[in-house]
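Written out below as structure tokens is the structure these notes cover.
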Amino acid sequence: MPLENFGSILNFAEELESQDQEFYAAAAANPACAPCRVLFAELADEAGRNIVTVQRIRRENVTEMILEPVQDFKRAGFCEICEAAATLSAAEALETATRLEARADRYYGEAAEKLKALTEVSRALKTLGKNRKAHIARLMNVKR
């Protein structure tokens, strides 16, 4: 399904953040992930804050929703099936989390490029992507 405009790009960003939040909350509650519980809980909280940020961006730039059509940007490259975090080992959850963070980083980078005419929106999306790079670094530093 194509992401054709500002609204669809931000709606999909909200979907990604919600999916990530659910994954991290389930991983934090998983007894097998006890050594990473704090990290996963923090990432779940961050995803919740990101949802609020995406909603704020959409609300503050609502007049742009009709303008600026986007070409050649599809959801398919960013759709990811998340295994049930409640049943994963800590190593599997960390691997999945790293993959989710890389996907979000890539999405925000490409979305920022597609919406570069909307400077404030593009900057906000780049910041969300930058935060995801920091998450990847944190995940990579966890002993496996």
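The values are calculated or read from the model by the stated rules, or taken from the named source; none is laboratory data. All figures in this text were calculated on a predicted structure; none of them were measured in a lab. Cβ: placed from backbone, ideal geometry, glycine included. Neighbour counts: every protein chain shown. Quick note on the areas: whole protein, heavy atoms, side chains included, nothing else; ligands and nucleic acids left out. Shrake-Rupley method; radii C 1.70, N 1.55, O 1.52, S 1.80 Å.
Looking at the stretch 87-132 only, could you name the residues that are among the hydrophobic types (A, V, I, L, M, F, W, C), outside any helix (DSSP H, G or I) and in contact with a helix residue (DSSP H, G or I) (Cβ under 8 Å, 6 or more places away or on another chain)?
Answer for the stretch 87-132, where residues must be among the hydrophobic types (A, V, I, L, M, F, W, C), outside any helix (DSSP H, G or I) and in contact with a helix residue (DSSP H, G or I) (Cβ under 8 Å, 6 or more places away or on another chain): Leu88, Leu115, Leu118.
Report every pair of residues separated by at least 6 positions or lying on different chains whose Cβ atoms are under 6 Å apart, first residue within the stretch 23-46 and assigned to a helix (DSSP H, G or I), second hydroxyl-bearing (Ser, Thr, Tyr) and crowded, with 23+ Cβ neighbours inside 10 Å.
Within 6 Å, the pairs are Phe40/Tyr24; Leu43/Tyr24; Ala44/Tyr24.
Step by step: first the residues of the stretch 1-38, then only those that are surrounded by fewer than 21 Cβ atoms within 10 Å (Cβ to Cβ) and of a type in the set (A, V, I, L, M, F, W, C), then the one that is nearest to the chain's Cα centre (by Cα). Which residue is that?
Ranking the qualifying residues of the stretch 1-38, first place goes to Phe12.
Enumerate the pairs (first residue in the stretch 98-112 and within 14 Å of Arg123 (Cα to Cα) and free of Cβ contacts under 8 Å to residues at least 12 places away in the same chain; second residue anywhere and surrounded by fewer than 23 Cβ atoms within 10 Å (Cβ to Cβ) and among the hydroxyl-bearing types (Ser, Thr, Tyr)) with beta-carbon separation below 8 Å, excluding pairs fewer than 6 apart on the same chain, so at least 6 apart or on different chains.
Qualifying pairs under 8 Å: none.
Could we say that Val70 is outside any helix (DSSP H, G or I), of a type outside the set (D, E, K, R), under 15 Å from Ile9 (Cβ atoms) and open to solvent by less than 40 Å² (accessible area, probe 1.4 Å) here?
Here the answer is yes, as Val70 does meet what is asked.
Considering only residues that are within 15 Å of Ala47 (Cα to Cα) and free of Cβ contacts under 8 Å to residues at least 40 places away in the same chain, look in the stretch 121-144 and name the one that is most open to solvent (accessible area, probe 1.4 Å).
Going through the qualifying residues, I end up with Lys130.
Taking the stretch 22-45, which residues are of a type outside the set (Gly, Ala, Ser) and farther than 13 Å from Ala97 by Cα?
Asn30, Pro31, Pro35, Val38, Asp45, listed by residue number.
Of the residues Ala32, Ala47, Ala28, which single one is touching a Ser or Thr at 6+ places or on another chain (Cβ under 7 Å) and modelled with pLDDT of 95 or more?
Checking each option against the conditions leaves just Ala32.
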